[in-house]
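First comes the structure, then the notes that go with it.
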Amino acid sequence: MTREIIDINDFTVLVEEASTAELTVDSCFFDEPIIAVAFYGSGNVDLKVKYGAQTKDFKHTKGLALSFYADDEVEFEHTVSASKPLECIVIATAAANLDKLPNGEGELFSEMLQQLVSPTDHYVEGPSFFMTPEMQSIVDQIFHINYEGKARMMFFRSQITALLSHFFGQLAFHHSKQIKSTDRDRLQQAKEILSNNLDNPPSLTELAQEIGLNTTKLKKEFKEIFGLPVFKYLQNERLTTAHALISQKQATVQEAAWHVGYDSLSSFSNAFAKKFGYRPSQIK
């Protein structure tokens, strides 16, 4: 378990990462009331928020951007396992600091996260959605940074600012679209079906039937929520998974291609090179 705390202006940035061979529960508290946005990386760890007699469970956190208010009576509990490592970035500020934030961030928090600025309980959940590919790329870079010293801090400042900018941009976009919560649940189900069947995914028609939406609505609203068309998202997940398998030496290039559903090694290699800028055989 590694936990790094970085102060950037009046934001406190918490970068947490953990992997374990055995099931482990990690708890986190904040010692003062905060308004925050949590960004979850590729680990897909389970999250339980506990306050008083109430609990809120999140079973699918991969790619989640979650805004919330929490005071010192709230416990955030991550259940980490070999298949569900923890990758989490929390950008937090005290409510009293909102007026001090530079570049108008305080106004954005007050205007777009009003329920968090004026909380009615120990824990108040604000808007949440799944990150765009641009946001996911920033999160991945933060977890794989190799810089040290002043260069590292410059990188963090720029990436945290970019991440917040994307968050508020997407928040405004989602406010304008107003997709029904029942449809959001179905689209999240579609995303999970694709992620769990990389080697043999359903057709668009089969996927639409399984979640109870027509294909037109599935295509349109999936892209609005997740930032990518259905099968572009599938390809992105396939290649990202394959990259992890190869770089972590869990599979050869051929085995990784088969694992994520590519029958042709040349097609896999070409798609991989187009996404990452180098071929899978070049991973060291």
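Here, each number is a calculation from the coordinates, and none is a lab measurement. Because the structure is a prediction, the values reported are computed rather than measured. Reconstructed Cβ throughout: ideal geometry from the backbone, glycine too, with neighbour counts over all protein chains shown.
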Along the positive direction of the dipole of the stretch 52-128 (beta-carbon charges: Lys, Arg +1; Asp, Glu -1; about the Cα centre), which of Leu116, Gly106, His78 reaches farthest?
His78
Measuring from its Cα centre, the stretch 139-227 shows a charge dipole (+1 at each Lys and Arg Cβ, -1 at each Asp and Glu Cβ) which, in debye to the nearest 20, is 440
About the Cα centre, charge dipole magnitude for the chain (Lys/Arg +1, Asp/Glu -1 at Cβ), debye
1420
Mean separation of Cα contacts under 8 Å (at least 6 apart) over the residue count of the stretch 2-177, i.e. the relative contact order in percent, is 25
Long-range amide H partners of Gly126, meaning residues 5 or more apart or on another chain whose placed amide H is closer than 5 Å, are Ser67, Phe68, Tyr69
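Given R₀ = 30 Å, what would the calculated FRET efficiency be for Glu206 paired with Gln282, taking r from the Cβ atoms and rounding to 0.05?
Numbers: r = 36 Å, r/R0 = 1.19.
It comes to 0.25.
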Here are some pairs, Lys62/Lys84; Lys84/Lys223; Lys56/Lys191; Lys191/Lys232; Lys62/Lys191; Lys232/Lys275; which of them have Cα atoms lying more than 18 Å apart in this structure?
Lys84/Lys223; Lys56/Lys191
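Can you give the calculated 222 nm mean residue ellipticity of the chain, where each DSSP H run of n ≥ 4 adds -39,500 (n - 2.57) and the sum is split over every residue, rounded to the nearest 500 deg cm²/dmol?
Calculated mean residue ellipticity at 222 nm is -14000 deg cm²/dmol.
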Which of the following values of Cα Rg over 2.2 N^0.38 Å was calculated from the structure shown: (i) 1.18; (ii) 0.98; (iii) 1.04?
(iii)
Output ³J(HN,Hα) for the stretch 264-269: one whole-Hz value per residue in order, computed from phi by the Karplus curve 6.51 cos²θ - 1.76 cosθ + 1.60 with θ = phi - 60°, and x for Gly and Pro.
9, 5, 5, 5, 4, 5
Are there chymotrypsin sites (Phe, Trp or Tyr not before Pro) in the stretch 1-62 that DSSP marks as loop and that have at most 13 other Cβ atoms within 10 Å, and which are they?
Phe29
By count of other Cβ within 10 Å, fewest leading, how are Glu255, Glu75 ordered?
Glu255, Glu75
Report the local net charge at Leu204: Lys and Arg +1, Asp and Glu -1, summed over other residues whose C-beta lies under 13 Å from its C-beta.
+3
³J(HN,Hα) computed for each position of the stretch 60-71 - Karplus, 6.51 cos²θ - 1.76 cosθ + 1.60, integer Hz, glycine/proline x
9, 9, 4, x, 7, 10, 10, 9, 6, 10, 8, 10
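Arrange the following residues from fewest to most other Cβ atoms within 10 Å of their Cβ: Leu265, Leu116, Leu108.
By the 10 Å Cβ count, ascending: Leu265, Leu108, Leu116.
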Estimated inter-spin distance, Ala244 and Asp7, nm [label 7 Å along Cα→Cβ]:
3.5
